[in-house]
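Report on one structure; see the data block that follows.
The values are calculated or read from the model by the stated rules, or taken from the named source; none is laboratory data. Just so it is clear, the model here is predicted, and its values are computed rather than measured. Using ideal geometry, Cβ is built from the backbone for each residue, glycine included, and neighbour counts are taken over all protein chains shown.
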């Protein structure tokens, strides 16, 4: 089967080369037909799992689409070449081709296609390079934002924000979360604004900036329905406990269902939050338990280890 497909691919390449020849009666190469034949050859190589040859065929297809001034189809072929590199586990090179295709989509006046390709590239690279994934998601969000497609833009910004938290780039995460919140406010998705306020508070407290965390909550009072909401009460209680160095109060809020079932990266911020000048909320709770000698203290310590071991993954 594979050998048959490879033979078919070479037949298509031969036809493509014939299309490119000129003669006394054919003054110009037939770039359109050549591109079509190379596209067919690429599919044959792909089906035969000859990914390197498939990549080369897609690049030839792109070359002749470019000669024919059909940039959209050229970009599609380059993106497919990138996917062939992905099949070979050559992810950095694959992303380079996809980014090149995105630039061509933009030049062709199809920014939505560019943004979707950047999103796909982000998903591909995320398991091995979080920094690059952040960059791709932010670029995709920027393209959608320029097209006034805020719902798509804010979803991609959310991906970038979560990865910034995972990377411990908390200053950038705080900025990204504020932008997310502003977009949700603009499209009047106020419940998501509440959730972003909670995420902001957790990020700012981990940054050691209580004032910024408090400011986020105060600014959110102007959002319809926020004051008195479950999110609002939880953040007021958390900030009060933080301000008063009440470890038990902070522990209760951070381990409440509202915070524990947030996106995993934010939930981890919640359960790892420490009160300045003290340990974690869990320690105070353990200290308040009945003491049964050294073995009881050891059991309490073991319970703490089990609680945090592995996080929420």
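Tabulated values for the structure
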{"item": "Wholly enclosed helices (runs of 4 or more DSSP H) of the stretch 228-281 bearing at least 3 residues within 14 Å of residue 195 (Cα to Cα)", "result": "230-243, 257-260, 264-271"}
{"item": "Test result for residue 113, touching a helix residue (DSSP H, G or I) at 6+ places or on another chain (Cβ under 6 Å), modelled with pLDDT of 95 or more and surrounded by fewer than 22 Cβ atoms within 10 Å (Cβ to Cβ)", "result": "yes"}
{"item": "Number of positions in the stretch 13-35 that are in contact (Cβ under 8 Å) with a residue 24 or more places away in the chain and either under 40 Å from the mean Cα position of the chain (by Cα) or buried (at least 19 other Cβ atoms within 10 Å of the Cβ) (or both)", "result": "6"}
{"item": "Residue 175, sole failed condition from (1) part of a helix (DSSP H, G or I); (2) closer than 27 Å to residue 271 by Cα; (3) in contact with a helix residue (DSSP H, G or I) (Cβ under 7 Å, 6 or more places away or on another chain); (4) free of Cβ contacts under 8 Å to residues at least 60 places away in the same chain", "result": "(3)"}
{"item": "Pair list, Cβ under 7 Å, 6 or more apart: the stretch 185-197 residue closer than 16 Å to residue 227 by Cβ, other residue loosely packed, with under 15 Cβ neighbours inside 10 Å", "result": "190/224; 190/225"}
{"item": "Candidates 49, 89, 60, filtered to the one that is part of a loop (DSSP other than H, G, I, E, B) and in contact (Cβ under 8 Å) with a residue 40 or more places away in the chain", "result": "49"}
{"item": "Failed item in (1) in contact with a helix residue (DSSP H, G or I) (Cβ under 6 Å, 6 or more places away or on another chain); (2) farther than 22 Å from residue 145 by Cβ; (3) modelled with pLDDT of 95 or more, with residue 260 passing the rest", "result": "(3)"}
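For every residue, the table says whether it meets (1) under 18 Å from residue 174 (Cα atoms); (2) at pLDDT 95 or above; (3) crowded, with 16+ Cβ neighbours inside 10 Å; (4) within 32 Å of the chain's Cα centre (by Cα).
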site: 215; (1), (2), (3), (4): yes, yes, no, yes
site: 242; (1), (2), (3), (4): no, no, yes, yes
site: 245; (1), (2), (3), (4): no, no, no, no
site: 281; (1), (2), (3), (4): no, no, yes, yes
site: 288; (1), (2), (3), (4): no, no, no, no
site: 313; (1), (2), (3), (4): no, no, no, yes
